[in-house]
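The structure under discussion appears below in the form of structure tokens.
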Amino acid sequence: MKDGVDGLITPMKIEGIVEGLQKLLDNPTLREELIKNTTSMDYGNENEVQKVYSLINA
């Protein structure tokens, strides 16, 4: 994940999460950019598993 490209990286504290959510609420352009950048992504692990199988069988 790239911060501000396909997600937001925040500190793992409630304040950081709230700050990230507030950033999304306050910035519709950022929100739309994140949506655009993530709707075409495959979040499954099938591609990664295939890479491992290819390495094993090589």
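Brief remarks follow.
- Top-ranked residue of the range 36-58 - restricted to ones that are surrounded by 10 or more Cβ atoms within 10 Å (Cβ to Cβ) and of a type in the set (A, V, I, L, M, F, W, C), ranked as farthest from K2 (Cα to Cα): V52
- Residue in the range 15-32 that is modelled with pLDDT under 90 and either of a type in the set (G, A, S) or surrounded by 10 or more Cβ atoms within 10 Å (Cβ to Cβ) (or both) present: no
- Enumerated helices (runs of 4 or more DSSP H) restricted to the chain, each holding at least 3 residues that are under 11 Å from the mean Cα position of the chain (by Cα): 28-38
The values are calculated or read from the model by the stated rules, or taken from the named source; none is laboratory data. These numbers were taken from a predicted model, which means no experiment stands behind them. Cβ atoms come from the backbone with ideal geometry, glycine included; neighbour counts cover every protein chain shown.
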